[in-house]
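So the structure is just underneath, and the comments pick up after that.
A short reminder: the numbers here are calculations on the coordinates, not readings from a lab. Note that the coordinates shown come from a computational prediction; the quantities given were computed from them, not determined experimentally. Here the Cβ positions follow ideal geometry from the backbone for every residue, glycine too, while neighbour counts run over all protein chains shown.
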Amino acid sequence: MSLLRRRWLLPVALLTFVACSERKSTPTEPASPPAQAPDSATAAQPKPAPPAPADTSDVQDVAAYLAGLPVKQASALRPLSARPEWQRFAADADESWTNYHSTRTEKIEAWARQELDSVRRTSPVVFYPFSGPDLLNAVTVFPQSDAYVLIGLEPVGTVPGQASLESPKLYNAVKTSLWSVLNFSFFRTNSMAVDLKSLELDGSLPLILLFAARTNHQVTDVKYVRLSPEGQLIPADSADAKSKLVPGVEVDMRNADGHEQKVYYFSADLSDWKLGQTKASILQYARSLGPLTTYVKSATYLMHKSYFSQVRNLILERSRYVLQDDSGIAMKYFKPSDWQFIHYGTYRRPIPMFAKHYQPALTAAYQDSVNKARPLPFGTGYNWRVNDSNLMLAKRLTGPSS
């Protein structure tokens, strides 16, 4: 067995254990949203104190260092990158990412060029709810968009400082956090709740920076922001401490072609009851962005549930395109008169822990002999194996509502 497989892959037995551990922590869906105890996947996270202003003068070097890539010759991190432990971490990371790009990135890029060419040319804003810090898949599928709006329960975090970068625990923390997304294409919510609350990785931002570096982006600036109750983006230090404001971060970056792009990450619970507490400011903000291209995968079937109606309705009202796996919006919510569908891959049943979200209507769509499903040459979502995965592209037939 290769070094890469020993370090980054687990046998099927361990994967089964992972699924079991998730199942144990997933409660039975209530008939109506509970007043005080929402679904565990959306349990309210402790609110950290507003972060200090970011020192972004060398943020690209921090991103590169976290990614196991070379830093500038004059960088203050140069001595750290000369340490044997970082050298081993970087070599291991290179091997892992080389494997990832050959088995996933190249296949996704080839598929997207063929199947999403017109979609990508008309997708200035990619809206990715329930994403966590997964910038990786967003920029791989939609590489030329102007803005990516990511939303997850994980705290925003900060640009790692000297103490975090010098910590001997950093390298293992990075490996642990990346394990599931590099092997199975998704983050595990319950694991991330633990992984991103350490000294070394205190939230989503460090992984977003890492993904930017590993997708050949140059990070140029980081700004901590918040959303006002009206859905306006404001600097974090102008926030009213008494208001229930949604914390976020803006990452400015430049891709390999020189295209300036922005990544926004917001730490927000998208359940209806929690949106009521924040005046749905995250949805008001999304409405201000113009027509959206929505991307959803590995979303724990939350928008199948009655108490995620507000975010579901926003997507259906404001999206020009929706690209999702079966864990996104259930087929029954799409009006056939408003949407055209293209199905990719294979749909059988959700994995056992989500069995109750099986969709007979989706099975029927995949069995349509006239509009046959198209091939999907890579794995994605909870059914992560190549021949078990599915994606659906929904194209709006009429303009998004205002």
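The trypsin sites (Lys or Arg not before Pro) of the stretch 343-375 that DSSP puts in a loop, and whose beta carbon has at most 16 other beta carbons within 10 Å, are Arg348, Lys372.
A simple rule links phi to the HN-Hα coupling: the Karplus curve 6.51 cos²θ - 1.76 cosθ + 1.60 with θ = phi - 60°, which for the stretch 362-373 gives 6, 4, 4, 5, 6, 9, 5, 7, 8, 9, 6, 5 Hz, with x for Gly and Pro. Suppose R0 equals 51 Å; then what is the FRET efficiency for Thr103 and Thr398 from their Cβ-Cβ distance, rounded to the nearest 0.05? The pair Thr103/Thr398 has a calculated efficiency of 0.85. When the C-alpha to C-alpha distance is required to be over 31 Å, the pairs from Lys107/Lys279; Lys223/Lys244; Lys72/Lys244 that qualify are Lys107/Lys279; Lys72/Lys244.
Note on the stretch 207-327: Cα convex hull, mean projected area over all directions, 8.4 nm². Rounded to the nearest whole Hz, the Karplus-based 3J(HN,Hα) values (6.51 cos²θ - 1.76 cosθ + 1.60, θ = phi - 60°) of the stretch 158-171 follow the sequence 9, 5, x, x, 4, 4, 5, 5, 7, 5, x, 7, 4, 5, with x at glycine and proline.
For the stretch 269-275, the Karplus equation 6.51 cos²θ - 1.76 cosθ + 1.60, evaluated at θ = phi - 60°, returns couplings of 8, 9, 5, 4, 5, 6, 4 Hz by residue, with Gly and Pro reported as x. For the peptides 59-67, 229-237, residues were scored by their other Cβ atoms within 10 Å and the scores averaged per peptide; the highest-first order is 59-67, 229-237.
Using the Cβ of Asn255 as centre and a radius below 12 Å, the other residues enclosed give a net charge of -2, where K and R count +1 and D and E count -1. In plain terms, the residue of Ser118, Ser177 with the fewest other Cβ atoms within 10 Å comes first and the most crowded comes last, giving Ser118, Ser177.
Between amide H atoms placed 1.01 Å from N, distances below 5 Å from Asp221 occur with Asp252, all of them 5 or more places distant or on a separate chain. For the stretch 55-329, a crude dipole built from +1 on the beta carbon of Lys and Arg and -1 on the beta carbon of Asp and Glu, taken about the Cα centre, is about 500 debye to the nearest 20. Past 28 Å, Cα to Cα: identify those pairs from Lys175/Lys297; Lys297/Lys356; Lys169/Lys305; Lys305/Lys335; Lys297/Lys395, in the order given. Correct reply: Lys169/Lys305.
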